[in-house]
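Down below is the structure, laid out as structure tokens.
The values are calculated or read from the model by the stated rules, or taken from the named source; none is laboratory data. Fair warning: this is a prediction, and the values are worked out from it, not measured in the lab. Heads up, the Cβs are rebuilt from the backbone with ideal geometry, glycines too, and the neighbour counts pull from every protein chain shown. Ligands, DNA and RNA are excluded from the accessible area calculation, which covers all protein heavy atoms including side chains. Shrake-Rupley method; radii C 1.70, N 1.55, O 1.52, S 1.80 Å.
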Amino acid sequence: MKTDSKQLGTRITALRGNDQLLYFTSSSLAREDKTLVFLSDRTGSPNLFRIDLATSEETQLTRHDEGLLKSYVYFDGLPYRGFGKASVSLDSQRGQIYYIHGREIRVVNLEGRGRVLAELPPRQMTAFTHISHDGSRLCVPTTDARALDDERPLPARLPGYDVDGRVQEEALSSYLRIYETATGREIETVPVPKAWVTHVQFSPVDASLILYNHEWASFDTGIRRMWMWDGRRHLPLRSEGGTDGPWTRSRHDWVCHEMWERDGSALIYHGSYHNGPAFLGRMRADGTGVREIALPDDWKQYGHFTVGRPNQLVSDGYYQTPETAGPGNGRWIAGLQVDWDAGKIEWHPLCQHGSSWASQDA
């Protein structure tokens, strides 16, 4: 498809620091998509802000000054101190924003009024939280601190350090901690043995179902990544075997970034086949009905996907034109129209995003 390589998006926030949206497991939009919630370090420490998309008026919602919390993705942060950038989850309908500061789980509304919801136990490292569709439950994944080398400082990219390998060797655990948002009471603590859990997502229609992951699996990546907690059992979702086109699903594949369809009918994920091309996948919540669509062989510029309306996705990578092909990560924000039955994807490039890909923030 012919594209205009000079096509750009419109800047929304002012140039006052490093601004970023919330993680793909959470919406960043509230008030019927009229308000955008974002993170910024413009004050010297990470904090939450909102912007009115009609007027461009920006409002600071939190006023923390203790720096960055050590957690998943932000390995070089401060142990048990500071703002957890990898923790924010927005309840769009009710305008409540949940996040972690130090060992405290906090909530703030769109007017900046906040409170402490609960306190996490000691010697636990945290990751991305998630709020249920009805706003009644918050899931906070934590992992035994030994997995991230306890309180010792770590480099941002963890070169040569195998977190999952330590988890397996030392039989460490993660926990799905479920809190009642009205009271802050921890109503359930679900151990996940020998796992490093970093993403949790309630079903959009059923708060008893939680999709979660085994992060950076050091073996069997293709079948260990995606799991479902149904209130009673831990259910693995992607099995070995099964064929889509010339490719057979393997434990040696790479799989990541699982998420729910907005109506809760299915799960979306992506990855790459062992010694094969990248692919986009979809399955029902019980792991059946798997459909995976291989991308063109030369589309190796890694990206992420997020869901839109049924059969619509948005990606920040993979798509490439002859002018933008080459080594490195993807350059395009693209819309996708997917025909799962026919195994076809229509790609519609929207703009070049200009990301450096230097960090999770970028």
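Residues that are exposed (fewer than 13 other Cβ atoms within 10 Å of the Cβ), under 29 Å from residue 141 (Cα atoms) and of a type in the set (Gly, Ala, Ser) within the range 7-64 comprise just one, 44. Those residues that are surrounded by 19 or more Cβ atoms within 10 Å (Cβ to Cβ) and of a type outside the set (Asp, Glu), I need them from the range 146-172; list them, please. Correct list: 147, 148, 163, 167, 172. Apart from one condition, residue 129 fits all of (1) closer than 27 Å to residue 50 by Cα; (2) out of contact with any Leu (no Cβ under 8 Å at 6 or more places or on another chain); (3) open to solvent by less than 60 Å² (accessible area, probe 1.4 Å); the exception is (2). Scanning for something polar (S, T, N, Q) and closer than 20 Å to residue 24 by Cβ, does the range 261-271 turn up at least one residue? Yes - at least one qualifying residue is present in the range 261-271. On the stretch given as the range 227-245, residues that are open to solvent by 40 Å² or more (accessible area, probe 1.4 Å) and either in contact (Cβ under 8 Å) with a residue 40 or more places away in the chain or touching a Ser or Thr at 6+ places or on another chain (Cβ under 8 Å) (or both) total 6. Among the residues here, residue 118 qualifies as open to solvent by 10 Å² or more (accessible area, probe 1.4 Å), in contact (Cβ under 8 Å) with a residue 60 or more places away in the chain and in a strand (DSSP E or B). What pairs come out if I take residues in the range 182-209 that are more than 22 Å from residue 269 (Cβ to Cβ) and open to solvent by 50 Å² or more (accessible area, probe 1.4 Å) and pair them with residues that are outside any strand (DSSP E or B) and of a type in the set (Asp, Glu) whose C-beta lies under 9 Å away, six or more apart or interchain? If the second residue must be outside any strand (DSSP E or B) and of a type in the set (Asp, Glu), no pairs are left. Of all residues in the range 342-353, which are in contact (Cβ under 8 Å) with a residue 24 or more places away in the chain and either under 19 Å from the mean Cα position of the chain (by Cα) or part of a loop (DSSP other than H, G, I, E, B) (or both)? Answer for the range 342-353, where residues must be in contact (Cβ under 8 Å) with a residue 24 or more places away in the chain and either under 19 Å from the mean Cα position of the chain (by Cα) or part of a loop (DSSP other than H, G, I, E, B) (or both): 343, 353. When 175, 179, 212 are checked against the criterion of being open to solvent by 20 Å² or more (accessible area, probe 1.4 Å), under 13 Å from residue 141 (Cβ atoms) and either in contact with an Asp or Glu (Cβ under 6 Å, 6 or more places away or on another chain) or assigned to a strand (DSSP E or B) (or both), a single residue qualifies: 175.
Looking across the range 241-261 at every residue that is assigned to a loop (DSSP other than H, G, I, E, B) and modelled with pLDDT of 95 or more, the one that is nearest to the chain's Cα centre (by Cα) is identified as 261. Considering (1) free of Cβ contacts under 8 Å to residues at least 60 places away in the same chain; (2) open to solvent by 70 Å² or more (accessible area, probe 1.4 Å), the lone condition that residue 142 does not fulfil carries the number (2). With respect to residue 136, is the statement that it is within 20 Å of the chain's Cα centre (by Cα), modelled with pLDDT of 95 or more, closer than 21 Å to residue 211 by Cα and among the hydroxyl-bearing types (Ser, Thr, Tyr) true? Against the criterion (within 20 Å of the chain's Cα centre (by Cα), modelled with pLDDT of 95 or more, closer than 21 Å to residue 211 by Cα and among the hydroxyl-bearing types (Ser, Thr, Tyr)), residue 136 does not qualify.
Listed here are the residues, each with its yes/no results for (1) modelled with pLDDT of 95 or more; (2) in a strand (DSSP E or B); (3) in contact with a strand residue (DSSP E or B) (Cβ under 8 Å, 6 or more places away or on another chain).
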site: 36; (1), (2), (3): yes, yes, yes
site: 50; (1), (2), (3): yes, yes, yes
site: 64; (1), (2), (3): yes, no, yes
site: 71; (1), (2), (3): yes, no, yes
site: 75; (1), (2), (3): yes, no, no
site: 81; (1), (2), (3): yes, no, yes
site: 90; (1), (2), (3): yes, yes, yes
site: 94; (1), (2), (3): yes, no, no
site: 98; (1), (2), (3): yes, yes, yes
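Within the range 300-324, restricting attention to residues that are free of Cβ contacts under 8 Å to residues at least 40 places away in the same chain and either open to solvent by less than 50 Å² (accessible area, probe 1.4 Å) or at positive phi (or both), which residue is farthest from the chain's Cα centre (by Cα)?
First, the residues of the range 300-324 that are free of Cβ contacts under 8 Å to residues at least 40 places away in the same chain: 300-303, 311-312, 314-317, 319-320, 322.
Pick out the ones that are also either open to solvent by less than 50 Å² (accessible area, probe 1.4 Å) or at positive phi (or both) and you get 301, 303, 311, 315-317, 319-320.
Working: 301: 19, 303: 13, 311: 20, 315: 14, 316: 14, 317: 15, 319: 20, 320: 23 Å.
Ranking the candidates gives 320 first.
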